[in-house]
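K.L.:
Okay, handing you the structure first.
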Amino acid sequence: MYPPDTPPESLALRVGIAADHGGFELKEYLTGMLRAEGWAVVDFGDEGLREGDDYPDFIVPMAAAVASGNVDRGIGICGSGVGACIAANKVDGVRACRVHDLYSAHQGVEDDHMNVLCLGGRVVLEELAWEIVQTFLSARFSTAERHCRRVSKVMALEEIPFRGIL
Ligand code: RB5
């Protein structure tokens, strides 16, 4: 039953963050806030505001770091949060969602074991984004049997060739 060998998450999480030009300013803001609060943040880029950059180039390495355990949680930002979410979810082991409300920011972790939070830099204001991020990072997977059962069924899809065609 899921999660197979997952140790309890510590409170001191390493956080990966990534954004394209649509999310760059919000990434810089959130990175500053996180570091000021003592979080260990790994910035996967983009390293500057470049209008022509492509969100998969930054989101996918960040998502891969979450999947491999090099960071514990991820934050992916693009203009809407949609492209970042789609790209992150292509990486096996990642459970990403675009979240712009506080309820989903903790419930998505508690029930669905969301490990990557996606935000729209052109949609959500800095102050709300910061509250969402803090809520996301403070939340822990419940490990209740019914949630393990459901997440297990989702994660089993990664074992099926041509998944989606059941
Ligand atoms: C880039 O202009 C924009 O399309 C991208 O940041 C994102 O919103 C895609 O989902």
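The values are calculated or read from the model by the stated rules, or taken from the named source; none is laboratory data. The model shown is predicted, which means the values in this text are computed figures rather than measured ones. Cβ coordinates were reconstructed from backbone atoms using ideal geometry, including for glycine residues, and neighbour counts include every protein chain displayed. For accessibility, only protein heavy atoms count, side chains too; no ligands or nucleic acids. Shrake-Rupley method; radii C 1.70, N 1.55, O 1.52, S 1.80 Å.
K.L.:
Using helices alone, I'd like the mean residue ellipticity at 222 nm for the chain: each DSSP H run of four-plus residues gives -39500 (n - 2.57), total over residue count, nearest 500.
P.N.:
Working: 6 runs with 69 residues, N = 166.
Mean residue ellipticity at 222 nm (helix-derived): -12500 deg cm²/dmol.
K.L.:
Next up: State the cysteines of the chain left without a partner when partners are defined as other cysteines whose beta carbon lies under 4.7 Å away.
P.N.:
Isolated Cys, the chain: 78, 97, 148.
K.L.:
Got a sec to turn the phi values of the stretch 80-95 into Karplus ³J(HN,Hα) couplings, 6.51 cos²θ - 1.76 cosθ + 1.60 with θ = phi - 60°, whole Hz, x for Gly and Pro?
P.N.:
After applying 6.51 cos²θ - 1.76 cosθ + 1.60, I find 9, x, 6, x, 4, 5, 4, 5, 4, 6, 6, 8, 4, x, 9, 10 Hz.
K.L.:
Determine the relative contact order of the chain: mean sequence separation of Cα pairs under 8 Å and six or more apart, normalised by residue count, in whole percent.
P.N.:
24
K.L.:
Continuing with this model, one more query. P(r) for the stretch 92-166: what percent of alpha-carbon pairs falls in each 10 Å bin, starting at zero?
P.N.:
Answer for the stretch 92-166: a P(r) of 19, 42, 27, 11, 0 percent.
K.L.:
Beta carbons within 10 angstrom, averaged per residue: use that to sort the peptides 136-146, 83-93, highest first.
P.N.:
83-93, 136-146
K.L.:
Suppose R0 equals 35 Å; then what is the FRET efficiency for residue 144 and residue 33 from their Cβ-Cβ distance, rounded to the nearest 0.05?
P.N.:
Rounded to the nearest 0.05, the efficiency is 0.65.
K.L.:
Further, regarding this structure: Can you run phi through the Karplus equation (6.51, -1.76, 1.60; θ = phi - 60°) for the stretch 47-63 and list ³J(HN,Hα) in whole Hz, with x for Gly and Pro?
P.N.:
7, x, 7, 10, 4, x, 6, 10, 4, x, 5, 10, 5, 5, x, 5, 5
K.L.:
Mind jotting down the distance between the C-alpha centroids of the stretch 83-116 and the stretch 38-54, whole Å?
P.N.:
The two parts, judged by their Cα centres, are 19 Å apart.
K.L.:
Here is a follow-up. Roughly how big is the stretch 26-166's charge dipole about its Cα centre, with Cβ charges of +1 (Lys, Arg) and -1 (Asp, Glu), in debye to the nearest 20?
P.N.:
Here the size comes out at about 580 debye.
K.L.:
Another question, then. For the chain, compute Rh as the Kirkwood radius over C-alpha pairs and then the Stokes-Einstein diffusion coefficient at 37 °C and 0.692 mPa s; write the answer in µm²/s, rounded to an integer. Present the calculation step by step, with values, prior to reporting the outcome.
P.N.:
Working: Rh = 15.8 Å.
Approximately 208 µm²/s, per Stokes-Einstein.
K.L.:
Could you report the accessible area of residue 154 in Å², rounded to 10, computed with a 1.4 Å probe on the protein chains as they sit in the structure?
P.N.:
80
K.L.:
Residues with amide H under 5 Å of residue 22's amide H, sequence separation 5 or more or different chain, H placed in the peptide plane at 1.01 Å from N; which?
P.N.:
Residues meeting the criterion, in which the H sits 1.01 Å from N, are 79.
K.L.:
Compute log10 of I(q)/I(0) for the stretch 29-98 with the Debye formula, placing one identical point scatterer on every Cα and leaving out solvent, at q = 0.12, 0.26 Å⁻¹, to two decimals.
P.N.:
Listed by q, the Debye log ratios stand at -0.30, -1.26.
K.L.:
Here's another thing I want to ask about it. All other residues with a Cβ under 9 Å from the Cβ of residue 151 taken together, and with Lys, Arg as +1 and Asp, Glu as -1, what is their net charge?
P.N.:
Net charge in that neighbourhood comes out at +2.
K.L.:
Ignoring ligands, DNA and RNA, what percent of the 1.4 Å accessible area of the stretch 79-166 is carbon and sulfur?
P.N.:
Of the solvent-accessible surface of the stretch 79-166, carbon and sulfur hold 57 percent.
K.L.:
Under 5 Å between amide hydrogens, which residues at least 5 positions from residue 14 or on another chain qualify, with H placed 1.01 Å from N in the peptide plane?
P.N.:
72, 73
K.L.:
Another question about this same structure. Binning every alpha carbon pair distance of the stretch 27-70 at 10 Å from zero, what are the percents per bin?
P.N.:
25, 49, 26, 0
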